[in-house]
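Chemist: Take this structure first; my questions come after.
The values are calculated or read from the model by the stated rules, or taken from the named source; none is laboratory data. Because the structure is predicted, anything quoted here is derived from the model rather than measured. Positions of Cβ are generated from backbone atoms using ideal geometry, with glycine treated the same way; all protein chains shown enter the neighbour counts.
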Amino acid sequence: MLYRGEKLINKDNNLPKYVQIFEYFKALIKSGDISVGDKILSESEIVLRFKVSRHTARQALIQLERENYIYKEQGRGTFCCYKETRDEKKNIAVLTTFISNYIFPPIISGIEEVLSSFGYTLALYNTNNDKQKESEYLSRIIDSQAVGLIIEPTKSALANTNLALYKELDKKKLPYIMINAKYDEIKPAYVVMDDVEGGYILTKYLIQMGHRNIAGIFKNDDIQGVNRKQGYIKAMVEFNIHIQNEYFGYYGTGEEGFLPYEFVNNLLRKANRPSAIVCYNDQIAFCVLQAVREAGFRVPEDISIVGYDDSDISTATELKLTTVAHPKAEMGKRAARFLINMIEKEDEKPFYMYKPEIIVRDSASVPNGKSN
């Protein structure tokens, strides 16, 4: 990647400096020197590299984002999201809650693999799980030349404040399919996990090991968290185990680090501390693992921990997490195939729900290391 600032800003050029910077990055992106997912220089880096003011750098980035060449992900940076297509009639929009972290790269890779094999290209957007951003991008997609949309609903456990925009998609007859979550009131095409069953089999696994004091930490603004909690409750009721409300921990988008960590810290101070903790996903399980160890307890000897998604995090440390498999790339591929069939064969809103599978590793054992 070039970024030769000294050759970029031409004092004899009548274009404003921010436009010159915009055109420079646009050319790199369109030529393929910067590809989808590549990180773009930050505002501060542009200031230093091209010797321009912060205001100029900011204007250039705003223009690139406005024209869908880049997207910003809070706390991670700015990334390219544009892939040029020779046939604008074969452009698919992909709108997810996140893009570059956790389980999302394989999902997007699966989508792109199928789309490209059928001659489609994608325009990538992400909402950072923010309803207002979802509204802005849906409006932009509706006004674009996209012939289809793959979307992960934003804060899917909360009210669908963008219902009018989804109805506009239907009015425009723009095919779309939802992944990971869905809004039942609009009866969409979808590819999701059976998260109720996932929460159930995780909790049942711990119960059959002999655990009775089982805590749970769940996300409360995504429907996956609501469903996984329902699965937890289903298993506890089935085995006639008393559910203690104080054993429930909740967090929302942006609270992934602090709230779960503090909840576990407080929980471990109780006389009736749990012997096992069901976590919303592997990311939270890793946070819980840190809190448990810092409190002086061992995993799994003192406390068992289970995650969800079988992400890279689940095997990133010496302690491998027991977790639930997530199809990731396969989900992306299936969603893309379904959408293409909706576009080319006019299939009527296909749907698919993956059955969860538990992956047993090292993070859970019988209570206190004793057999049943």
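Chemist: Of the conditions (1) modelled with pLDDT of 95 or more; (2) buried (at least 21 other Cβ atoms within 10 Å of the Cβ); (3) under 28 Å from R212 (Cβ atoms); (4) not charged (D, E, K, R), I359 fails just one. Which one is it?
Modeler: Among (1) modelled with pLDDT of 95 or more; (2) buried (at least 21 other Cβ atoms within 10 Å of the Cβ); (3) under 28 Å from R212 (Cβ atoms); (4) not charged (D, E, K, R), the lone unmet condition for I359 is (2).
Chemist: Would you pick out the residues in the stretch 288-344 that are charged (D, E, K, R) and not in a loop (DSSP other than H, G, I, E, B)? Talk me through it step by step, then tell me what you get.
Modeler: Here is the first cut: in the stretch 288-344, the residues charged (D, E, K, R) are 293-294, 298, 301-302, 309-310, 312, 318, 320, 328, 330, 333-334, 337, 344.
Passing the criteria: R293, E294, D309, D312, E330, K333, R334, R337, E344.
Chemist: Filter the strands (runs of 3 or more DSSP E) completely within the stretch 185-254 down to those with at least 3 residues that are surrounded by 20 or more Cβ atoms within 10 Å (Cβ to Cβ) and at pLDDT 95 or above.
Modeler: Numbers: elements: 189-193, 214-219, 248-251.
Of the strands (runs of 3 or more DSSP E) lying wholly inside the stretch 185-254, those with at least 3 residues that are surrounded by 20 or more Cβ atoms within 10 Å (Cβ to Cβ) and at pLDDT 95 or above span 189-193, 214-219.
Chemist: Need the failing condition index for I207 against (1) in contact (Cβ under 8 Å) with a residue 40 or more places away in the chain; (2) touching a Phe, Trp or Tyr at 6+ places or on another chain (Cβ under 7 Å); (3) closer than 25 Å to D362 by Cβ, just the number.
Modeler: (1)
Chemist: Next question. Could you tell me whether any residue of the stretch 166-178 is within 29 Å of I284 (Cα to Cα), at pLDDT 95 or above and either touching a strand residue (DSSP E or B) at 6+ places or on another chain (Cβ under 6 Å) or of a type in the set (A, V, I, L, M) (or both)? Explain how you work it out, then say what you get.
Modeler: In the first step, residues of the stretch 166-178 are kept if they are within 29 Å of I284 (Cα to Cα); the result is 177-178.
Narrowing further to those that are at pLDDT 95 or above: 177-178.
Among the residues that remain, those that are also either touching a strand residue (DSSP E or B) at 6+ places or on another chain (Cβ under 6 Å) or of a type in the set (A, V, I, L, M) (or both) are: 177-178.
Checked against the condition, which is being within 29 Å of I284 (Cα to Cα), at pLDDT 95 or above and either touching a strand residue (DSSP E or B) at 6+ places or on another chain (Cβ under 6 Å) or of a type in the set (A, V, I, L, M) (or both), the stretch 166-178 yields at least one hit.
Chemist: Turning to a different aspect of this structure: Restricting attention to the stretch 27-47, which residues are surrounded by fewer than 19 Cβ atoms within 10 Å (Cβ to Cβ), touching a residue at least 40 places away in the same chain (Cβ under 8 Å) and over 23 Å from the mean Cα position of the chain (by Cα)?
Modeler: Once the filter is applied, which keeps residues that are surrounded by fewer than 19 Cβ atoms within 10 Å (Cβ to Cβ), touching a residue at least 40 places away in the same chain (Cβ under 8 Å) and over 23 Å from the mean Cα position of the chain (by Cα), the stretch 27-47 yields only K30.
Chemist: Here's something else I'd like to know. Which one of these does A271 not meet: (1) modelled with pLDDT of 95 or more; (2) of a type in the set (G, A, S); (3) surrounded by fewer than 23 Cβ atoms within 10 Å (Cβ to Cβ)?
Modeler: (1)
Chemist: Being surrounded by 17 or more Cβ atoms within 10 Å (Cβ to Cβ), in contact with a helix residue (DSSP H, G or I) (Cβ under 8 Å, 6 or more places away or on another chain) and not assigned by TED's automatic domain parsing to the domain that holds G37 is the requirement here; does S156 meet it?
Modeler: Details: surrounded by 17 or more Cβ atoms within 10 Å (Cβ to Cβ): yes; in contact with a helix residue (DSSP H, G or I) (Cβ under 8 Å, 6 or more places away or on another chain): yes; not assigned by TED's automatic domain parsing to the domain that holds G37: yes.
Spelling it out, S156 is indeed surrounded by 17 or more Cβ atoms within 10 Å (Cβ to Cβ), in contact with a helix residue (DSSP H, G or I) (Cβ under 8 Å, 6 or more places away or on another chain) and not assigned by TED's automatic domain parsing to the domain that holds G37.
Chemist: Still on this structure: Let me confirm something: among E6, E112, E67, which residue is modelled with pLDDT under 85, of a type in the set (D, E) and closer than 29 Å to F338 by Cα? Talk me through it step by step, then tell me what you get.
Modeler: Values: E6 fails: closer than 29 Å to F338 by Cα; E112 fails: modelled with pLDDT under 85.
Testing whether each residue is modelled with pLDDT under 85, of a type in the set (D, E) and closer than 29 Å to F338 by Cα leaves just E67.
Chemist: Please identify the pairs in which a residue from the stretch 123-147 that is surrounded by 17 or more Cβ atoms within 10 Å (Cβ to Cβ) has its Cβ atom under 6 Å from the Cβ atom of a residue that is among the aromatic types (F, W, Y) and part of a helix (DSSP H, G or I), counting only partners at least 6 apart or on another chain.
Modeler: Short answer, once both residue conditions are applied: Y125/Y137.
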